[in-house]
Amino acid sequence: MPIVLVHGLRVSASMWRPQVNALRAEGRRVLAPDLPGHGRRRGELFTLGGAVATVRAAVDELGGRALVVGLSLGGFVSIAAAAAYPDRVPGLMAVSCSARPVNALAHMYRIPTALLDRLPDRGLAVNSRFHRLTLPADGAAAVLDGGLAMEAARAVIEEVVNLDVLGLLASYPGPVWLINGVRDHFRIHERQFLQACADGRLLTVPRAGHMVNLDQPEVFGKLVADAADVLAARAAAPGETPPDPAASL
C-alpha cells in the first residue's frame, strides 16, 4: 500500500525525511508533497481546496490509492482529502491534530502570528531556535532544511478555522488512526475525534510532543508501515481482520 505524508504549518515535506528514508529502504512507495505556500511552493496562496488537490495528486501519482498520513495542519488537510475521496484513501492517519479548529482556538494562534509578523524576519529566528531546542538534532535539521514559511500562517488559520473536522471524520468510512504524542497540546478533543470516526482507534506515543514523527521517528515509522500493511491485507483478503498497529504500543 503506497503512503502519502502531509506536513504541518510553516514547515515542508522535509519534516518527513526520517520516515521517507526508512520506508523507502523497506521498498515502500512514499510521497511527501509540499502544500501550497510551503517548501518549494512558497509564494503560492494557501487554500484548503488547493491543499486537498495536492494530496489527491500525490495519491494518483502512486497509482490511485494510498494510506494518507497528515500531521497538525497536514492532519486537517488529510481528513478533508479522505472525506472528499474515500475511494482513493483506504486508510487515514491523523497525527497531532485532535483539536477542533474552532474560532476561539484559532484566535490563540492569530495573536502570536500578529506579533511575529511585526518582527523584521516575521519570527523566523524565534521559530528556528524553538525547533533546535525542542527536537533532536536530526529532527530539527529535517524541519529547517526545507525552510519555514512564516508568511503562510495567516492564510492557513483563516482557511482552517471554519473546518467541520468532526463532520468530515464522521463521513469517512475507512479506518482512522488518531496518533498523538503524550506531551502534545493538540490532544484536547481527542475523545471527540475518536467518537466521530466510523472505524477509529487512538494511539498515544510515549516521550513525544507535537512533532511526534521527529521525537520518536522509529516508533512512528513502524506505526505507518504497520497501518499500510493492515490496509494491504484488507485489500487482499476482504472480510478478514489483520493485526492492528495499535497493538505495537
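The values are calculated or read from the model by the stated rules, or taken from the named source; none is laboratory data. Please read all numbers here as calculations on a predicted model, not as lab measurements. Positions of Cβ are backbone-derived with ideal geometry, glycine not excepted, and every protein chain shown enters the neighbour counts.
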**Message:** Need the failing condition index for Arg187 against (1) within 19 Å of Ile3 (Cα to Cα); (2) surrounded by fewer than 24 Cβ atoms within 10 Å (Cβ to Cβ); (3) of a type outside the set (Phe, Trp, Tyr), just the number.
**Reply:** (1)
**Prompt:** Which condition does Arg118 not pass, out of (1) out of contact with any His (no Cβ under 8 Å at 6 or more places or on another chain); (2) surrounded by 13 or more Cβ atoms within 10 Å (Cβ to Cβ); (3) at pLDDT below 90, if it passes all the others?
**Reply:** (2)
**Request:** Considering each of Asp215, Asp184 in turn, give the residue that is within 12 Å of Ser98 (Cα to Cα), touching a residue at least 60 places away in the same chain (Cβ under 8 Å) and of a type in the set (Asp, Glu).
**Result:** Asp184
**Fill in**
Flagged pairs (Cβ under 9 angstrom, 6 or more apart or on separate chains; first in region 14-29, hydrophobic (A, V, I, L, M, F, W, C); second loosely packed, with under 13 Cβ neighbours inside 10 Å) are Ala22/Glu218
**Fill in**
Taking region 144-189 and keeping residues assigned to a helix (DSSP H, G or I) and under 22 Å from Ala13 (Cβ atoms) leaves Leu144, Met150, Glu151, Ala152, Ala153, Arg154, Ala155, Val156, Ile157, Glu159, Val160, Phe186
**Complete:** Within region 196-214, the count of residues that are over 17 Å from the mean Cα position of the chain (by Cα) and in a strand (DSSP E or B) comes to 1
**Request:** Could you check how many residues of region 47-64 are of a type in the set (D, E, K, R) and within 12 Å of Asp87 (Cα to Cα)?
**Result:** 2
**Asked** Name the pairs whose Cβ atoms lie under 8 Å apart, with the first residue in region 125-143 and at negative phi and outside any helix (DSSP H, G or I), the second at pLDDT 85 or above and not hydrophobic (A, V, I, L, M, F, W, C), and 6 or more positions between them or separate chains?
**Response** Leu135/Asp215; Pro136/Asp215
